[in-house]
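**Student:** I'd like to ask you about the structure that follows.
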Amino acid sequence: MGFERFGKVSFAPFTKVSKFVDFLDEGKIKGTVCKKCSTFHFPPRGDCVSCPSSEIDWKEISGNCKLVTYTTIHSAPQGFEDDKPYTLAMVDLEEGGRALGWTEGLSEEDLKIGMALKLEIKKLPDERLTFVLKGQ
């Protein structure tokens, strides 16, 4: 299967890093590491942003992270109308890189910039996969 299984709505069915979804299926969240310059990328990238290499390895992450910012969406885009309002958060991952994801089990009042969160895999209907941010 390809990247079309990632997220509630997928606008990118094909990508150089479609193995990301296979890892989620195995219960692992992984980023990519450039084989030439060792730059870590999350979200995973098929091409390094630090050098022009497309030679990558995969590295599993812990999911431990810190909240950078968040916003609550009240007017949702197409495909997410039934979920509003919902809160999206941006986090710095312990291993490096940043993730943007839905918060789960947290109210907006619970969120404090700098607080520890955990990036976790979530199974969606129709064998789709994503990740969410939860409190630690």
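Readers should treat all values here as calculations from the given coordinates under stated rules, not as data from a laboratory. Only a predicted model underlies this, so the values are computations on that prediction, with no experimental measurement involved. Cβ sites come from the backbone with ideal geometry, for glycine too, and all protein chains shown count toward neighbours.
**Student:** If you take the square roots of the eigenvalues of the alpha-carbon gyration tensor of the stretch 1-118 and sort them as a ≥ b ≥ c, do you get rounded (a/c under 1.5), prolate (a/b over b/c) or oblate?
**Tutor:** Because a/c hits 1.5 or more and a/b fails to exceed b/c, the stretch 1-118 counts as oblate.
**Student:** Moving on. Find how many whole Å separate the alpha carbon centroid of the stretch 20-51 from the alpha carbon centroid of the stretch 57-117.
**Tutor:** 19 Å
**Student:** For n ≥ 4 DSSP H runs only, could you compute -39500 (n - 2.57) per run for the chain, divide by its residues and tell me the 222 nm figure to the nearest 500?
**Tutor:** One gets -1500 deg cm²/dmol as the mean residue ellipticity at 222 nm.
**Student:** Here is a follow-up. In debye, nearest 20, what is the charge dipole magnitude of the stretch 3-135 about its Cα centre with +1 on Lys and Arg Cβ and -1 on Asp and Glu Cβ, if you could check?
**Tutor:** With Lys and Arg at +1 and Asp and Glu at -1, about 380 debye.
**Student:** If you take every DSSP beta bridge whose two residues both sit in the chain, what share of them, in percent to the nearest 5, is antiparallel?
**Tutor:** Around 90 percent of the beta bridges assigned by DSSP in the chain are antiparallel ones.
**Student:** Mean separation of Cα pairs under 8 Å and 6+ residues apart, divided by the residue count of the chain: what relative contact order is that in percent?
**Tutor:** Once divided by the residue count of the chain, the mean separation gives 22 percent.
**Student:** Looking at the stretch 7-99, which chymotrypsin sites (Phe, Trp or Tyr not before Pro) are in a loop (DSSP not H, G, I, E or B) and have at most 12 other Cβ atoms within 10 Å?
**Tutor:** Listed in order of number, the matching sites are F11, F14.
**Student:** Work out from phi, with θ = phi - 60° and the Karplus expression 6.51 cos²θ - 1.76 cosθ + 1.60, the ³J(HN,Hα) of each residue of the stretch 122-136, listed in order in whole Hz, and give x for Gly and Pro.
**Tutor:** Those phi angles translate into 10, 8, 10, x, 6, 6, 8, 9, 8, 10, 10, 10, 10, x, 9 Hz.
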